[in-house]
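The values are calculated or read from the model by the stated rules, or taken from the named source; none is laboratory data. If you're wondering where the values come from, they're calculated on a predicted model, not measured in any experiment. Because the Cβ atoms are built from the backbone with ideal geometry, glycine has one as well, and the counts that use them run over all protein chains shown.
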Amino acid sequence: MITVVTGPMRSGKSEFIIKLLNSNEFDNKNIRVFYPKIMEKENGFITSSDGSRYKAIPISDIINIYPFVVNTNIVVIDEFQFIDNLNYESRLDFFNFIEYCISNDINLILSGLDLDFRSQGFEIVKEVLCIADKVIKLNSNCDYCDSKLGRRCIRYVNNKVANHNDEVIQMETEDIKYKTACVKCYKKIYR
């Protein structure tokens, strides 16, 4: 079974995954959790904004995951939109891994952003959503009007709204921050 948990930043994706993994439903299961090496601040855990954590293995390439998943019942990949460079070959590797999980009765849970800061879908996420057995779409509070329908992310660089032509993948730093917006507020900011 392929489950995708998606939504904007701070929508509770990692918190949802951690609660699921700690539930009785997954007692006595062999679970492996992974996250992209690009998320270096994680230090061997997936971490939610509420502070909960779950032990995880960093990977830079989907090919590196196979030795870890032998005799595994459940595989979780957090922030899967950042795995590999996701060029044609790495997307092929990713879908080969999905087929491996299906063929070996491994439940695969993928968590990640569906949209980038330009409000465009991450290609790998769009493709996986088409074949997922179950999709859980979460929202966040809008940081501008407090609507419960926050679905977009707005990037700020040195406290100024980022240009839509900027590099798509940039991690949050002291100079780069993200806010969540509902569609109405997003459109006001990016006219």
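Annotations for the structure displayed:
- Residues of the range 22-36 satisfying the condition of being at pLDDT below 90 and of a type outside the set (S, T, N, Q): GLU25, PHE26, ASP27, LYS29, TYR35, PRO36
- Just one of the listed residues (SER90, SER48) is at pLDDT below 90, under 28 Å from VAL183 (Cβ atoms) and either surrounded by fewer than 20 Cβ atoms within 10 Å (Cβ to Cβ) or out of contact with any helix residue (DSSP H, G or I) (no Cβ under 6 Å at 6 or more places or on another chain) (or both), namely SER48.
- Whenever a residue of the range 166-179 is farther than 20 Å from ILE124 by Cβ, its partners that are of a type in the set (Ser, Thr, Tyr) and surrounded by 11 or more Cβ atoms within 10 Å (Cβ to Cβ), lying with C-beta atoms within less than 7 angstrom and at least six residues away or across chains, give the pairs GLU172/TYR178; LYS177/TYR156; LYS179/TYR156.
Here is a yes/no grid of residues against (1) polar (S, T, N, Q); (2) at pLDDT 90 or above; (3) in contact with a Cys (Cβ under 7 Å, 6 or more places away or on another chain); (4) crowded, with 16+ Cβ neighbours inside 10 Å:
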residue	(1), (2), (3), (4)
GLU123	no, no, no, no
VAL135	no, yes, no, no
SER140	yes, yes, no, yes
ARG151	no, yes, yes, yes
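- Candidate set from the range 51-62 (those that are within 28 Å of ARG91 (Cβ to Cβ) and modelled with pLDDT under 85); member that is surrounded by the fewest Cβ atoms within 10 Å (Cβ to Cβ): SER60
- Summed over the range 170-188, residues that are surrounded by fewer than 13 Cβ atoms within 10 Å (Cβ to Cβ) and hydrophobic (A, V, I, L, M, F, W, C) total 1.
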